[in-house]
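S.K.: Next up is a structure, given as C-alpha cells.
The values are calculated or read from the model by the stated rules, or taken from the named source; none is laboratory data. Not measured: the values here are computed from a predicted model. Glycine also receives a Cβ, built like all others from the backbone with ideal geometry; neighbour counts cover every protein chain displayed. All accessible areas refer to the heavy atoms of the entire protein, side chains included, with ligands and DNA or RNA removed. Shrake-Rupley method; radii C 1.70, N 1.55, O 1.52, S 1.80 Å.
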Amino acid sequence: MTFEASIPSGGMSGKTEGGEGSFKKGTQGAKSIRTIEQNVLDALVYRGVISQADVRAAVEDSKVCGLDLESVLLDRYHVPKQALGSALSDFYQCPYLPYDERTVIDADLMKTLNIDYLKKNLWLPIARRGSLMDVLTSDPHDLDKGWDVRRTFPGVTVRYAVGLRRDIEQFLHLARGQGASGSIGAILGQLINEIHLEPAIDPATGGIDENDSAIVRLANQVIAEADRLGASDIHIEPYEDRKDMAVRLRIDGTCFTYMGIPAAYRRAVVSRIKVMANLDIAERRKPQDGKIRYRLGKGREIELRVATLPTAGQDEDVVLRLLTTKQPMPLDSMEFAPAILPAIRTIAEKPYGIILCVGPTGSGKTTTLHAILKHINTDERKIWTAEDPIEITQDGLRQVQIHPKIGLTFATAMRAFLRADPDVVMIGEMRDKETADIAIEASLTGHLVLSTLHTNSAVETVTRLLDLGCDSFNFADAMLGVLAQRLCKKICTQCKEIYHPTRREYDELVQGYGAQDWPRLGIEYSTEWGLYRGRGCEACNRTGFKGRVPLHELLLPSEEIKQLIQTRSRTAEILTRAMKEGMATLIQDGIQKALQGLTTYRQVRAVAMK
C-alpha cells in the first residue's frame, strides 16, 4: 500500500474471485484510496503504534514535503515496518510480505515484464506453482493492477500479498540483479540454446569442457546464490538417461531442489568444481576432498569444503559446505535455558579444567565454543585455538589452521600450544586418544581447555572418552562440564499462531518429557492451554519455519557423578543421577522451548529423539 496524502476520492476496490483472479469494477459505495488510508491509520492508532496527534502531524508533513505518507511514518515517526505491514494485511485480508534477500524470484515470470513499469505500478510476480501464482502488490484492491496481472498471466489463479513501497522496490532491485546477463537463468538459457543448436551432444562425455566461459560463470553463480540464500551446503547430483543434473541447497537444515542443469553439461560442471578445489579431474573412481576460497563482492571471502563421491553411471556427486567467516555471538543471544546460562558462565571463568561441547556435524558446537571464548577473551588471558577450518575469527585469539597432510594435527598443535604459555586452549575436535590425553593432561596442569566431540548426548560423551582409553580418574578430576546441543527448526515469527492442542498431543508431551518430571512444569490440560505453530507465509516459503533454535543439555560433575565416572559406571546410571540433580535432557529442553512458542514438538523429536 502506498499512501499519498492528497489523492482525490473515487478510487476502486475489488477482490480476487474464482480461478481467474478477476476484479469487480468499483461502485458508488467502493472505498476511496483516502478511506483505505484512514482505515490503516486508525488501526495503527488503535493498536497503540502511533498517537492520533502524530498521525495528523504525519499527514500534514507528507503534504508539505511532497513525500508519500508511508515514508513519513517509517522514517520520521519510526512506525515499525511489521506494524504497518500487519495493518495493511488485516485491511486487505491477505498476507504481508516483507523484503527478504533470500527470496528467490522466478526469473521466467519476469521475462516479459519491464522493471521500470513494475516500479512505477508497484507490483511483481513472485512465484508460480502450476496454475497458482503469487503476486506482490502495494494495493490488492487496485482494479488497474488487477487487469494488468490478468492480461500478462491469463488463465492462472492469482494469490495476492501486500507489500510496502520500499519493500517492493527492493524486490524489484533484487529481480533486476537476478535477471542480469550473469544470472543463473541467463547462463542456463545460453547452455540450453547450445543444446538445441547441437542436438548430437553426448550426455556421457559432454560437448563442452570445464574451461568454457558459460560453465565457469554458472559454477561461480551457484556458489554466490547459495551464499545469498544462507545455504550451509550445496549438493550437485548427476543422473543417467539424459535427466537433468540436480542442484540442491540445504537451508535451515533442510534440503530442497534449487535448479536443474542439462545432463549434457554434468561432467563439465563437476570438473569445474574440481578445478576450483585443486582436485584431479581425471580421477572419477574414488572420493576426493579439497577446499575452495571464493571471493564475493565487496571484499567478502568464503571458504568451501568440497567432497566428491563416485556414483552410478560413472558419474560423481559433489557436496560443497559453505564456511562463511563470521563474528562470534555473545552468550546472551545463544538461547540457553535460564538454568544453563549462569552455569556456563561460571565454568567458563574457571582457571583450569576441560569443557566439552558435543553433537553431530552442523549442530553449532564451534559457534558455542567461540561464544564462550568471547566471554572470557580479555587482555589478561592468552588464548590459542587449533581449528579445521577456521570459521569464526575474533581479536585476541591466536588461531592455528590444522594441516594433517603436513603433519600438523590437533595433537601436534596441542603440544606446541603447551610450550607457548597459554591460559586457554581450544581444540577443534578430539578425534583420537592421543589428542584427548593431551587435552586432559593440560587441563590438570593449570590450563582451561575447550573442545568438541561427535557424540549423541552429554552422558554418552563420558563413555566415549573412557572407551577411547582415557584415564577415568584424570577425566573425572578435569571435567568442568559437557554441553550437548542440537539445532531445531524455529517457528516463523511472521506467521506464528496459537492453537488448542488435542489431548493426544498433550499426552505425547508428557511422555516425551517424562511423566515423573512433568509435574514440575505445572501445566495441566485445559481449554485455555495452547501450543504454537507456523501458519505458513511468504517469509518462510509457506513452511511455517524460518531459522533455527538450539537445544541444550548440560552435564555438571557433582561428587556423586565423579565417583560414577571413576568407577566406569554405565551410561544409564550416570544419566539417572544427573537428572536427579536437575539436568534437563535435550528432549526436555526442546519441549520447554516448544511450550514457549519457539518450535514444535515434532521438530524437537526429529533432532533430539534416539
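S.K.: Quick check: the distance between the Cα centres of segment 440-464 and segment 537-610, to the nearest angstrom?
M.R.: Taking the Cα centre of segment 537-610 as reference, the centre of segment 440-464 is 19 Å away.
S.K.: Hey, another quick one. Send over a whole-number figure in Å² for the accessible area per residue of the chain, probe 1.4 Å. If you can, show how the numbers build up before the last one.
M.R.: Details: 28780 Å² over 610 residues.
Result: 47 Å² of accessible area for each residue.
S.K.: Around Q588, with a cut-off of 9 angstrom between Cβ atoms, what is the net charge of the other residues, counting Lys and Arg +1 and Asp and Glu -1?
M.R.: Result for the neighbourhood of Q588: -3.
S.K.: So which cysteines of the chain have no other cysteine's Cβ under 4.7 Å from theirs?
M.R.: C65, C94, C255, C357, C470, C488
S.K.: Over the chain, what is the mean sequence separation of C-alpha contacts under 8 Å (at least six apart), divided by residue count, expressed as relative contact order in percent?
M.R.: Values: 1085 pairs, mean separation 53.3, N = 610.
Contact order relative to length: 9 percent.
S.K.: Taking the Cβ of F473 as the centre, find all other residues whose Cβ is under 15 Å away and add up their charges (Lys, Arg: +1; Asp, Glu: -1).
M.R.: Numbers: positive: K562, R568; negative: D437, E441, D471, D477, E559.
Counting the neighbours of F473, the net charge comes to -3.
S.K.: Go through K433/K593; K326/K496; K120/K490; K365/K490; K365/K489 and tell me which ones have a Cα-Cα distance over 25 Å in this structure. Let's see the in-between values first.
M.R.: Values: K433/K593 36 Å; K326/K496 29 Å; K120/K490 37 Å; K365/K490 18 Å; K365/K489 17 Å.
Result: K433/K593; K326/K496; K120/K490 exceed 25 Å.
S.K.: Can you give the accessible area of H403 in Å² (nearest 10), computed on protein heavy atoms with a 1.4 Å probe?
M.R.: 90 Å²
S.K.: At a Cα cut-off below 14 Å, give the aspartates and glutamates reachable from K243, other chains included and same-chain residues fewer than 8 away excluded.
M.R.: Of all the aspartates and glutamates, those that pass the test against K243 - Cα under 14 Å, at least 8 places apart if same chain - are D202, D315.
S.K.: Taking only the C-alpha atoms, wrap a convex hull around segment 441-480 and report its volume per residue in Å³ as a whole number. Display every interim value, and only then the final one.
M.R.: On the way: hull volume 2.9 nm³, N = 40.
Cα-based convex hull of segment 441-480, divided per residue, equals 73 Å³.
S.K.: Roughly how many debye, to the nearest 20, is the charge dipole of the chain about its Cα centre, given +1 on each Lys and Arg Cβ, -1 on each Asp and Glu Cβ, and no other charges?
M.R.: Values: 78 positive and 80 negative charges, 130 e Å.
Taking the Cα centre of the chain as origin, the dipole is about 620 debye.
S.K.: I would also like to ask the following. Let me check I have the definition right: for segment 56-127, take the eigenvalues of the Cα gyration tensor, multiply each by 5, take square roots. What are those semi-axes in whole Å, largest first? Each step should come with its number before you reach the end.
M.R.: On the way: eigenvalues 155, 55, 23 Å².
Equivalent ellipsoid of segment 56-127: 28, 17, 11 Å, largest first.
S.K.: Pull up the DSSP beta bridges for segment 347-500 and report the antiparallel fraction as a percent, rounded to 5. Intermediate values should be presented prior to the final figure.
M.R.: Numbers: 1 of 25 bridges.
Here the share of antiparallel DSSP bridges comes out near 5 percent.
S.K.: Sorted by mean Cβ packing within 10 Å, highest first, what order do the peptides 598-604, 223-229, 151-157 take? If you can, show how the numbers build up before the last one.
M.R.: Working: 598-604: 22.1, 223-229: 18.0, 151-157: 13.0.
Ranked from most to least packed, the peptides come out as 598-604, 223-229, 151-157.
S.K.: For K274, give me every one of the aspartates and glutamates with a C-alpha distance below 12 angstrom, ignoring sequence neighbours fewer than eight places off in its own chain.
M.R.: Partners found: E210, E283, D289, E316, D317.
S.K.: Any idea how far the Cα center of segment 377-436 sits from the one of segment 314-372, in Å?
M.R.: The distance from the Cα centre of segment 377-436 to that of segment 314-372 comes to 15 Å.
S.K.: With the cut-off at 43 Å, report for the chain the share of all Cα pairs above it, as a whole percent. Spell out each step's value before the answer.
M.R.: Working: 69139 of 185745 pairs.
Here the tail beyond 43 Å accounts for 37 percent of pairs.
S.K.: Quick check: from the Cα gyration tensor, does segment 396-521 come out rounded (a/c under 1.5), prolate or oblate? Please list the in-between numbers first.
M.R.: Working: a/c = 2.99, a/b = 2.04, b/c = 1.47.
Because a/c hits 1.5 or more and a/b exceeds b/c, segment 396-521 counts as prolate.
S.K.: Given a 1.4 Å probe and the protein chains all in place, what does the accessible area of C537 round to, in Å² to the nearest 10?
M.R.: Probe radius 1.4 Å; accessible area of C537 about 10 Å².
S.K.: Take each complete run of DSSP H in the chain, measure how far its Cα atoms stretch along the helix's own axis, and keep only those covering 18 Å or more with mean Kyte-Doolittle hydropathy at least -0.5; list them. Don't skip to the end; give the middle numbers.
M.R.: On the way: long enough: 33-46 (20 Å, 0.45); 52-65 (20 Å, -0.19); 165-178 (20 Å, -1.03); 184-197 (20 Å, 1.19); 213-228 (22 Å, 0.29).
Span-like helices in the chain: 33-46, 52-65, 184-197, 213-228.
S.K.: Right, here's the next one. With 27 Å as the cut-off, how large is the P(r) tail for segment 240-396, expressed as percent of Cα-Cα pairs? Present the calculation step by step, with values, prior to reporting the outcome.
M.R.: Numbers: 5158 of 12246 pairs.
When all Cα pairs of segment 240-396 are counted, 42 percent exceed 27 Å.
S.K.: Express as a percent, rounded to the nearest 5, the fraction of DSSP beta bridges in the chain (both residues included) that run antiparallel.
M.R.: Details: 54 of 86 bridges.
Given both bridge residues lie in the chain, the antiparallel proportion sits at roughly 65 percent.
S.K.: How do 109-116, 364-371 rank on mean C-beta neighbours within 10 Å, highest first?
M.R.: On the way: 109-116: 13.4, 364-371: 22.4.
By packing density, highest mean first, the sequence is 364-371, 109-116.
S.K.: May I ask you to give the percent of accessible area on the chain that is carbon plus sulfur, with a probe radius of 1.4 Å? Display every interim value, and only then the final one.
M.R.: Details: 14000 of 28780 Å².
Accessible surface attributable to carbon and sulfur in the chain totals 49 percent.
S.K.: For a protection proxy built on the mean count of beta-carbon atoms within 10 angstrom, sort 164-173, 129-138, 38-47, 501-510 highest first, please. Present the calculation step by step, with values, prior to reporting the outcome.
M.R.: Details: 164-173: 19.2, 129-138: 17.7, 38-47: 16.2, 501-510: 14.0.
Final packing ranking: 164-173, 129-138, 38-47, 501-510.
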